[in-house]
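Chemist: Okay, here's the structure, questions in a sec.
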Amino acid sequence: MRDLYGLFGEVLAHSYSPKIHQLILQNLNLPGFYHLFELPKTDLKTAVEGLKVLGAKGINVTIPHKISIMDYIDEISPEASRIGSVNTIAFENGRTRGYNTDYFGIDKTFKKYEVELKNKKAVVLGNGGAAVTLVQYLQDKGIGSLTIVSRNPEKSKTVKVFKNIPSLHYDELDLIGEGDVIINCTPCGMYPHIEECPVPESFISKFKVAFDLIYNPPETEFLKYAGNSGLKRLNGLYMLVSQAISAQEIWNKINISEKIIDEVYAEMLKY
Ligand code: NAP
């Protein structure tokens, strides 16, 4: 029988995850099937318990369930607990353990594109689940100065990882000045709303590196603006592939080589 994997989220029709996991499984010659489970928050508990009984092997979690899912998992890994967000669940012997592999995907992306973060000035757009992981990562890497910009700065004060970090509204961009790295952690500009961008081009032009966590489309309006001003540009596809690789490593208790990450990434660039 093929192992059962999948993704919990609210709207999944355009997810790349089934394709990425199919490519990884094929590459490793592992039997498995990756299913999309669209479900509301109110069904998370039943879904986790149901998959335990059915013998699933692993589940990824995406918008908007990465934080709420933590209430229904038996054990949380130290890194996911520190960040306060779970995007990967392993099922074993009737128990569940939650991990955060987005952190690994972010690390792989900054390293691949050789972005220096120590003592640099960064701005993060958005204060949702992805921003939480990103901000934890930037702090771990010794970022010099960090500002979070969002529609609801008051919400940032309630999040453990954002404590002590200045949080501004989009109306207050003038207070920020020039910087090194700007990162879009909102879905603004994601398919089908491809004409949107969370901040004006004049603001993006004040930075040297632009990272958009969005991967569909590959070049968002945010990255187009960044290109106009000659910034180094990173989209979210390498992060997406890397977090999936890390999840498969956890589920199958294996190490996957850099070569396979690059092969899957190359296939996904054509997809
Ligand atoms: P989330 O938890 O729902 O948070 C979304 C954030 O964006 C919130 O701060 C939200 O603000 C803000 N936002 C939503 N629509 C906006 C708009 N039109 N204008 C300005 N701000 C807006 O989602 P998430 O998990 O953090 O994901 C955010 C993005 O990162 C998504 O595009 C997702 O696909 C991407 N992502 C990519 C990867 C990858 O591997 N490449 C991994 C994780 C996430 P409010 O609270 O005010 O609604």
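Values quoted throughout were computed directly from the atomic coordinates according to the rules given, and no laboratory measurement underlies them. The structure displayed is predicted, hence computed values, not measured ones. Neighbour counts run over all protein chains shown; Cβ positions are idealised from the backbone, glycine included.
Chemist: Along Cα→Cβ, 7 Å out, is where each label goes; now give me the distance between the ones at ALA266 and ILE63 in nm to one decimal.
Modeler: 3.1
Chemist: With N set to the residue count of the chain, report its C-alpha Rg divided by 2.2 N^0.38 Å to two decimal places.
Modeler: Relative to the rule-of-thumb radius for its length, the chain sits at 0.99.
Chemist: 7 Å from Cα along Cα→Cβ at both GLN22 and ARG2: what's the point-to-point distance in nm?
Modeler: 0.9
Chemist: Could you please state, rounded to a whole Å, how far the C-alpha centre of the stretch 194-237 is from the C-alpha centre of the stretch 121-167?
Modeler: 19
Chemist: So how strong a dipole does the chain carry about its Cα centre when Lys and Arg Cβ are +1 and Asp and Glu Cβ are -1, to the nearest 20 debye?
Modeler: I would put it at about 520 debye.
Chemist: Okay, moving on. Only Cα pairs under 8 Å and at least 6 apart count here; give the relative contact order of the stretch 1-122 as a rounded whole percent.
Modeler: Computed over the stretch 1-122, the figure is 23 percent.
Chemist: Return the aspartates and glutamates within reach of LYS108: Cα separation strictly under 12 angstrom, same-chain partners fewer than 8 residues apart disregarded; answer none if there are no such residues.
Modeler: Cα-Cα hits under 12 Å: GLU258, ASP262.
Chemist: Can you classify the stretch 192-271 as rounded, prolate or oblate using the Cα gyration tensor, where a ≥ b ≥ c are the square roots of its eigenvalues, rounded means a/c under 1.5, and otherwise it's prolate if a/b beats b/c and oblate if not?
Modeler: prolate
Chemist: When DSSP assigns beta bridges and you keep just the ones with both residues in the stretch 122-271, what percent turn out antiparallel, to the nearest 5?
Modeler: So the antiparallel bridges in the stretch 122-271 amount to around 0 percent.
Chemist: Given R₀ = 22 Å, FRET efficiency for TYR113-GLU249 by Cβ-Cβ distance, to 0.05?
Modeler: It comes out at approximately 0.50.
Chemist: Moving on. Two decimals, Cα atoms only, Kirkwood Rh: what is Rg/Rh over the stretch 129-200?
Modeler: 0.95
Chemist: Please report the relative contact order for the chain, taking Cα pairs under 8 Å with a sequence separation of at least 6, and give it as a percent rounded to a whole number.
Modeler: Result for the chain is 15 percent.
Chemist: Roughly what % of DSSP beta bridges within the chain run antiparallel, to the nearest 5?
Modeler: Close to 20 percent.
Chemist: Calculate, for LYS224 and PHE33, the FRET efficiency according to 1/(1 + (r/R0)^6) with r their C-beta to C-beta distance and R0 45 Å; round to the nearest 0.05.
Modeler: Given R0 = 45 Å and the Cβ-Cβ separation, E is 0.75.
Chemist: Helix 258-270 against the longest principal axis of the chain: what's the angle in degrees, Cα atoms only, rounded to the nearest 10?
Modeler: Helix 258-270 sits roughly 70 degrees off the main axis of the chain.
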